[in-house]
Every structure is written in structure tokens, then in C-alpha cells.
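A.B. asks: I am attaching a structure below and will ask some questions about it afterwards.
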Amino acid sequence: MPIPLEESLIKAVFEIVSQSSFLRLIIIFVGSILPWIIIIWFITTIFYIRSFKLKFYYFSIAVISSIMAHGLITAVIHKFFYFPRPFEVFNVTPIIPHSLTSGLISEHMAFLIPIALTFIFINKQSGIAASLLVILVGIARVVAGVCWGSALLAGMLIGALSFLFIKKIIPPAISTIIIAPNTDE
């Protein structure tokens, strides 16, 4: 549940941004299109890894942890707990069109954070850039009136914990098989 300060701050920023066509376009781009750019960037990065074993390893970690965070954990929580989104509370049309689903946890953050964290293991600079872009996506969705700041933090936490869990499970099972040095040479 948002704290009163969070609610009033989001409403004030939403009212300012919704009055400017230019700012609305930026928010729509960052909140709706940038996530797809991050995903395409990730897939392209995976594609350029030379070792098929490493491609498979990194792709598996990102995909499984994203599915776990978004498709399993947040889906189950949203099934049992409904929390209205800012545009419902404020009775306004959101800048980014959104359905009336629970706003307790940001599904975008739960899905994108494992991808950004996997990026860090592939390339530290790209990972930091991807992480900052993911945070920017979250901020845009808050400004657009479709997400609470507290929901962003919850989504980030679920995404990060899912990533850490999957990363811990996959290395013992796969890394010794997949990433072990080739001794046949």
C-alpha cells in the first residue's frame, strides 16, 4: 500500500507530465518501448557470445529467472492480493494504456531485473547500463500512473531474488558440464 507521501508525489508528477505532449511521448517511449529495446539488446549480446555453452548458460539464467519472477511469483501474488493502480486511485486515464490488474508488484521490474543482472555477468559495463535503463523504465511507469514506487521496489526485489536463486541452482547442475574447459584439445 502506498504511503501518503508516495501517493501525493506520484499524483503531482503525473499531473505535470500529462499536460505536456512532449513529456507524454518520452514517458510512453521509456515505459513501453524501451523494455523491448533492452530485451533485443540482451538477445543480440547473447548471440555474439562465441561459446554455445556460455550462450545457453546466460540465456537459461535470464529466461528461467524472469519467468519465475514474472510468470510464477508475481502471478500467484496478484491472484490472491488485489491492489489498485495509481490511475484507478486517482480516477484518471494513464499515460501508458494499462488494464485493471493488481498493482501490488511491478511485473516489468520482476521480468527485466533478472535480464539486467545477467547482463552484469556477461559484461559489467553493459550490465550497469542495462540496470540503469531498467530503473528508468520503472520511473517512467510510475510517472505514467500505472505503477507505485513501492511496487517497483517489490518487483525489483522479486526479480533479484529469483535471479540469485536460479543462478545458485544452475551452476552446480550445468556449469560443470557446460562451462568446463575443453580438455580434448
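A.B. asks: Right, Phe81: over 16 Å from Val30 (Cα atoms) and in contact with a Ser or Thr (Cβ under 7 Å, 6 or more places away or on another chain) or not?
C.D. replies: For Phe81, the condition - over 16 Å from Val30 (Cα atoms) and in contact with a Ser or Thr (Cβ under 7 Å, 6 or more places away or on another chain) - is met.
A.B. asks: Quick one: in region 108-137, which of the residues that are over 19 Å from Ser32 (Cα atoms) and of a type in the set (Ser, Thr, Tyr) is surrounded by the most Cβ atoms within 10 Å (Cβ to Cβ)?
C.D. replies: Thr118
A.B. asks: Filter region 64-107 down to residues that are surrounded by fewer than 21 Cβ atoms within 10 Å (Cβ to Cβ), touching a residue at least 60 places away in the same chain (Cβ under 8 Å) and closer than 19 Å to Gly159 by Cα, then give me how many there are.
C.D. replies: 3
A.B. asks: Within the bounds of region 49-61, is there any residue that is touching a residue at least 24 places away in the same chain (Cβ under 8 Å), more than 20 Å from Gly155 (Cα to Cα), in contact with a helix residue (DSSP H, G or I) (Cβ under 8 Å, 6 or more places away or on another chain) and among the β-branched types (Val, Ile, Thr)?
C.D. replies: Yes, that holds for at least one residue.
A.B. asks: Just a yes or no: is a residue in region 51-60 among the polar types (S, T, N, Q), more than 22 Å from Ile105 (Cβ to Cβ) and modelled with pLDDT of 90 or more?
C.D. replies: Yes - at least one qualifying residue is present in region 51-60.
A.B. asks: Between Ser21, Ser66, Ser51, Ser60, which is within 22 Å of Gly103 (Cβ to Cβ) and of a type in the set (S, T, N, Q)?
C.D. replies: Ser66
A.B. asks: So, in region 131-157, how many residues would count as being over 17 Å from Leu5 (Cβ atoms) and either modelled with pLDDT of 95 or more or within 10 Å of the chain's Cα centre (by Cα) (or both)?
C.D. replies: Qualifying residue count for the region: 11.
A.B. asks: Same structure again: Is it fair to say Ile37 is hydrophobic (A, V, I, L, M, F, W, C), surrounded by fewer than 16 Cβ atoms within 10 Å (Cβ to Cβ) and under 13 Å from the mean Cα position of the chain (by Cα)?
C.D. replies: For Ile37, the condition - hydrophobic (A, V, I, L, M, F, W, C), surrounded by fewer than 16 Cβ atoms within 10 Å (Cβ to Cβ) and under 13 Å from the mean Cα position of the chain (by Cα) - is met.
The values are calculated or read from the model by the stated rules, or taken from the named source; none is laboratory data. All values reported here derive from a predicted model rather than from experimental measurement. Using ideal geometry, Cβ is built from the backbone for each residue, glycine included, and neighbour counts are taken over all protein chains shown.
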